[in-house]
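A.B. asks: Dropping the structure in here first, questions after.
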Amino acid sequence: MLVLLAFIIVFHITSAALLFISTIDNAWWVGEGFYADLWRLCQNSTNCTEISDSYKGYQTLQAVQATMILSTILCCIALLVFVLQLFRLKQGERFVLTSIIQLLSCLCVMIAAAIYTDRHEELHKKNMDFYKEMDGGKYGYSFILAWIAFAFTFISGIMYLVLRKRK
């Protein structure tokens, strides 16, 4: 049981790290000579423009930003609740709250990645006045990490439900 708990803690910390990296790092949409993330557009790694109200599709990007941040916060709260529940609650009641919070984190990251998947063309093609060469881009590793974090948070949320019934 101790090995299982250690594995779940490591898996949960990995999920949180993936969420932090995908939210903060600057590789959601990349191409030759440019990259775009949730916060700014950069050309040649030196000329960066903060995404602001003048950016077309800013409200959509704000929704992605908000849900990614919320997902990261919920994942961290779930880890804290897990540690508290481990020592406070009797068996059978453990980890239900942790599982619910982790599954909410999973839902938030899924919403963020799904919105970005659906609206990436709207977000970048309408803003060609910023960077003309953004036409030839592809999804970056931060975007891929967001989808991997979705899977990890979902799996860990389910593991907490299964662990609740173990002795």
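The values are calculated or read from the model by the stated rules, or taken from the named source; none is laboratory data. Remember, predicted model here, so these are calculated numbers, not experimental data. Cβ placement follows ideal geometry from the backbone for every residue including glycine, while neighbour counts extend to all protein chains displayed. Accessible surface is based on the protein model in full, side chains and every heavy atom, while ligands, DNA and RNA are left aside. Shrake-Rupley method; radii C 1.70, N 1.55, O 1.52, S 1.80 Å.
A.B. asks: Identify all residues within region 44-68 that are in contact with a helix residue (DSSP H, G or I) (Cβ under 8 Å, 6 or more places away or on another chain), at pLDDT below 85 and either closer than 30 Å to SER99 by Cα or not in a loop (DSSP other than H, G, I, E, B) (or both); write none if there are none.
C.D. replies: Hits for region 44-68 are THR60, LEU61.
A.B. asks: Looking only at region 14-43, filter to residues that are out of contact with any helix residue (DSSP H, G or I) (no Cβ under 7 Å at 6 or more places or on another chain) and under 13 Å from THR72 (Cβ atoms); which one of those is least open to solvent (accessible area, probe 1.4 Å)?
C.D. replies: Selected residue: ALA17.
A.B. asks: Continuing with the same structure: Can you find a residue in region 100-120 that is farther than 24 Å from ALA16 by Cα, open to solvent by less than 40 Å² (accessible area, probe 1.4 Å) and either assigned to a helix (DSSP H, G or I) or modelled with pLDDT under 90 (or both)? Full working, then the answer.
C.D. replies: We begin by selecting, within region 100-120, every residue farther than 24 Å from ALA16 by Cα; these are 118-120.
With open to solvent by less than 40 Å² (accessible area, probe 1.4 Å) added as a condition, the list becomes 120.
After this cut, where a residue has to be either assigned to a helix (DSSP H, G or I) or modelled with pLDDT under 90 (or both) as well, the list is 120.
Scanning region 100-120 turns up at least one residue that is farther than 24 Å from ALA16 by Cα, open to solvent by less than 40 Å² (accessible area, probe 1.4 Å) and either assigned to a helix (DSSP H, G or I) or modelled with pLDDT under 90 (or both).
A.B. asks: Of all the residues that make up region 1-43, how many are in a helix (DSSP H, G or I) and of a type in the set (Gly, Ala, Ser)?
C.D. replies: Step one: filter region 1-43 for residues in a helix (DSSP H, G or I), giving 2-24.
Within this subset, residues satisfying the condition of being of a type in the set (Gly, Ala, Ser) are 6, 15-17, 22.
Within region 1-43, residues that are in a helix (DSSP H, G or I) and of a type in the set (Gly, Ala, Ser) number 5.
A.B. asks: Could you list all residues from region 3-44 that are of a type in the set (Ser, Thr, Tyr) and out of contact with any strand residue (DSSP E or B) (no Cβ under 6 Å at 6 or more places or on another chain)?
C.D. replies: If the condition is that a residue be of a type in the set (Ser, Thr, Tyr) and out of contact with any strand residue (DSSP E or B) (no Cβ under 6 Å at 6 or more places or on another chain), then THR14, SER15, SER22, THR23 are the ones that fit.
A.B. asks: Filter region 21-56 down to residues that are in contact (Cβ under 8 Å) with a residue 24 or more places away in the chain and among the hydroxyl-bearing types (Ser, Thr, Tyr), then give me how many there are.
C.D. replies: Adding up the residues that qualify gives 5.
A.B. asks: Within the set of pairs 6 or more residues apart or between chains, which connect a residue that is surrounded by 17 or more Cβ atoms within 10 Å (Cβ to Cβ) inside region 57-84 to a residue that is assigned to a helix (DSSP H, G or I) and of a type in the set (Phe, Trp, Tyr) with Cβ atoms less than 7 Å apart?
C.D. replies: From residues that are surrounded by 17 or more Cβ atoms within 10 Å (Cβ to Cβ), the pairs are VAL64/TYR116; THR72/PHE20.
A.B. asks: Only one residue in PHE150, PHE82, PHE154, PHE130 is in a helix (DSSP H, G or I) and modelled with pLDDT under 90. Which one?
C.D. replies: PHE82
A.B. asks: Another question about this same structure. When you go through (1) open to solvent by 20 Å² or more (accessible area, probe 1.4 Å); (2) over 21 Å from ILE144 (Cα atoms) one by one for ILE8, which number turns out not to apply?
C.D. replies: The number of the failed condition is (1).
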